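Only one structure is covered here, and it is reproduced in the block below.
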Amino acid sequence: YGKGFDSGLRANNGLKDTDMLGINIVPYDTNNLHFELQWNRAFNIMASATDVRGSANTNVGDVDQYGAVVMGKIDSVGPGDLNLFLAGAMSKTKPNTNKYNSTWGLLWDDYEGKKGRTGNVIYLGGRYDIKSTLTKIGVEYNHGSKNWLAFAPASDDMWTTKLGTRGDVYEVYIIQELNKKPISKRGKAFFRLGYQLYDFTYTGSQNWLGAPYRINDLTRTGPGTMQMFQPVKTAKDIYLTFDVLF
């Protein structure tokens with residue numbers, strides 16, 4: 001259980017807190033195979049996390065999410081180990097009649113009409129760990145459907161979180177661990193260099209306000225296709241990080 005958003009004093013508009021409740025089950029866990037199941041619900045999702053005192057802010061409904069992941073490792077494939085994973089998730093919205101700025105509800109607007117919407121995502125990848133050099137090479141892919149909602153607004157990326165994308169994301173990366181004796185018992189340090197290619201199919205990735213529209217079809221005019229943010233069709237991300245674990 002957690003508090004996703006605290007509305008503070010409610011003198012202005014009676015905005016309720018956004019509460020989170022979830023259950024995580026791990027029915028099978030070994031060194032070479034791991035299986036996990038999860039359910040969570042967000043109650044009374046706020047329309048805006050920043051417009052706390054604004055008169056337009058309101059609670060727009062609830063969201064249920066269901067997920068499963070399986071991870072496996074095949075030892076000693078040539079000079080290294082092969083790690084694989086496959087994950088899938090589904091989101092289901094339960095909107096109320098409230099709208100932000102009289103236009104956008106929980107995955108609906110006046111043009112599309114109010115109703116609950118179901119989305120899904122698939123996420124898979126592999127990583128090859130070379131034992132002798134402590135080098136890891138990985139590839140990942142994820143695809144989100146039209147109404148997929150990850151509800152992870154605290155992303156580091158400026159356009160959206162990777163797993164909140166309504167469309168496709170391709171990623172390749174290399175991790176190089178430093179082959180030095182750590183000062184702590186379980187310490188390690190490594191560089192990671194990666195490249196991500198985003199191919200958005202629908203608008204509003206990671207945004208729970210307003211109905212999604214296919215980006216290639218945005219040729220109509222009028223309030224039915226009004227967007228909160230400028231639609232992005234493609235994006236590329238190159239990153240380099242240095243991590244220290246202890």
* Asked: So how many residues does the stretch 33-45 have that are more than 30 Å from residue 135 (Cβ to Cβ), of a type outside the set (S, T, N, Q) and open to solvent by 40 Å² or more (accessible area, probe 1.4 Å)?
  -> 4
* Hits in the stretch 4-22 - residues which are more than 18 Å from the chain's Cα centre (by Cα) and either open to solvent by 60 Å² or more (accessible area, probe 1.4 Å) or among the basic types (Lys, Arg) (or both) -> 6, 9, 10, 11, 12, 16
* Asked: All but one of (1) modelled with pLDDT of 95 or more; (2) open to solvent by less than 60 Å² (accessible area, probe 1.4 Å) hold for residue 193; which doesn't?
  -> (2)
* Structure fact -> Residue pairs within 7 Å by beta carbon, gap of at least six or interchain, first lying in the stretch 203-218 and under 26 Å from residue 97 (Cβ atoms), second part of a helix (DSSP H, G or I) and small (Gly, Ala, Ser), listed first then second, are 205/164; 206/164
* Members of the stretch 20-51 that are modelled with pLDDT of 95 or more and of a type in the set (D, E, K, R) -> 29, 36, 41
* **Pair list, Cβ under 6 Å, 6 or more apart: the stretch 8-19 residue of a type in the set (A, V, I, L, M, F, W, C) and modelled with pLDDT of 70 or more, other residue part of a loop (DSSP other than H, G, I, E, B) and open to solvent by less than 60 Å² (accessible area, probe 1.4 Å)** => 15/7; 15/57
* Asked: Which ones in the stretch 102-119 are in a loop (DSSP other than H, G, I, E, B) and either surrounded by fewer than 15 Cβ atoms within 10 Å (Cβ to Cβ) or at pLDDT 90 or above (or both)?
  -> 102, 107, 113, 114, 115, 116, 117
* To do: For residues that are of a type outside the set (D, E, K, R) and in contact with a Lys or Arg (Cβ under 8 Å, 6 or more places away or on another chain), tally how many sit in the stretch 107-133.
  => 7
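State yes or no: is residue 129 open to solvent by less than 40 Å² (accessible area, probe 1.4 Å) and touching a residue at least 24 places away in the same chain (Cβ under 8 Å)?
Values: open to solvent by less than 40 Å² (accessible area, probe 1.4 Å): yes; touching a residue at least 24 places away in the same chain (Cβ under 8 Å): yes.
Yes, satisfied.
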* **Pairs where the first residue, in the stretch 147-160, is at pLDDT 70 or above and the second is in a loop (DSSP other than H, G, I, E, B) and β-branched (Val, Ile, Thr), C-beta under 6 Å, 6+ apart** => 152/161
* Restricting the stretch 23-32 to residues that are under 21 Å from residue 126 (Cβ atoms) and among the polar types (S, T, N, Q), which is surrounded by the fewest Cβ atoms within 10 Å (Cβ to Cβ)? -> 31
* To do: Could you list, in sequence order, all residues of the stretch 82-116 that are without any contact (Cβ under 8 Å) to a residue 40 or more places away in the chain and among the charged types (D, E, K, R)?
  => 92, 94, 114, 115
* Asked: How many residues are more than 21 Å from the chain's Cα centre (by Cα), among the small types (Gly, Ala, Ser) and not in a strand (DSSP E or B) if we restrict to the stretch 168-221?
  -> 2
* To do: Report, by residue number, each residue of the stretch 46-81 that is open to solvent by 50 Å² or more (accessible area, probe 1.4 Å) and touching a residue at least 24 places away in the same chain (Cβ under 8 Å).
  => 49, 53, 55, 66, 70, 71, 73, 74, 75, 77, 79
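The values are calculated or read from the model by the stated rules, or taken from the named source; none is laboratory data. What you are looking at is a predicted structure, and each value in this text was computed from that prediction instead of being measured. Here Cβ is always computed from backbone atoms with ideal geometry, including for glycine, and neighbour counts include all displayed protein chains. Just so you know, the surface numbers come from the protein's heavy atoms only, side chains and all, with ligands and any DNA or RNA stripped out. Shrake-Rupley method; radii C 1.70, N 1.55, O 1.52, S 1.80 Å.
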